Amino acid sequence: MAKYLITAIYNADGVKGLLKEGGTGRRDAVEKALASVGGTVESFYYAFGDIDAYVVVDVSDNITAASVALAVAATGAVSINTFVLMTPEDMDQAIKKSPAYRAPGA
């Protein structure tokens, strides 16, 4: 499974839905959506500031993550950003690879 961080920003309609369903209701809806594509929610937190919610999820691949992002975006009630997360061990593997790259103008 691959891990993703999803950040969410509610618009006015999204906030109205949150007020109606509560935080646990929205978390349950996200868990159900992820389960429908074979994924899980690792953590779900609301926050102050520019971002309303931070959600870490496990899904099988980028295509599945994209399908979830599209379904959420299609509602128009929330804007999300999805970030691929990597473990320190993943980074160790990336460091061992040696791409042939030339900096611009070098």
Q. Quick one: which helices (runs of 4 or more DSSP H) sit completely within the chain and have at least 3 residues that are charged (D, E, K, R)?
A. 12-35, 88-96
Q: Keeping to the stretch 73-106, report how many residues are among the acidic types (Asp, Glu) and either in contact with a strand residue (DSSP E or B) (Cβ under 8 Å, 6 or more places away or on another chain) or open to solvent by 80 Å² or more (accessible area, probe 1.4 Å) (or both).
A: 2
(Q) Let me confirm something: among Leu19, Leu70, Leu34, which residue is within 12 Å of the chain's Cα centre (by Cα), open to solvent by 60 Å² or more (accessible area, probe 1.4 Å) and among the aliphatic types (A, V, I, L, M)? (A) Leu70
Q: Sort out which residues of the stretch 1-16 are out of contact with any helix residue (DSSP H, G or I) (no Cβ under 9 Å at 6 or more places or on another chain) and open to solvent by 80 Å² or more (accessible area, probe 1.4 Å), and write them in order of number.
A: Met1, Lys16
Q. Are any of the residues in the stretch 46-59 farther than 28 Å from Asp13 by Cβ, open to solvent by less than 70 Å² (accessible area, probe 1.4 Å) and either touching a residue at least 24 places away in the same chain (Cβ under 8 Å) or among the hydrophobic types (A, V, I, L, M, F, W, C) (or both)?
A. yes
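The values are calculated or read from the model by the stated rules, or taken from the named source; none is laboratory data. This structure is a prediction, so every number in the text was calculated from the model and none was measured. Because the Cβ atoms are built from the backbone with ideal geometry, glycine has one as well, and the counts that use them run over all protein chains shown. Heavy atoms of the whole protein, side chains included, go into the accessibility calculation; ligands, DNA and RNA do not. Shrake-Rupley method; radii C 1.70, N 1.55, O 1.52, S 1.80 Å.
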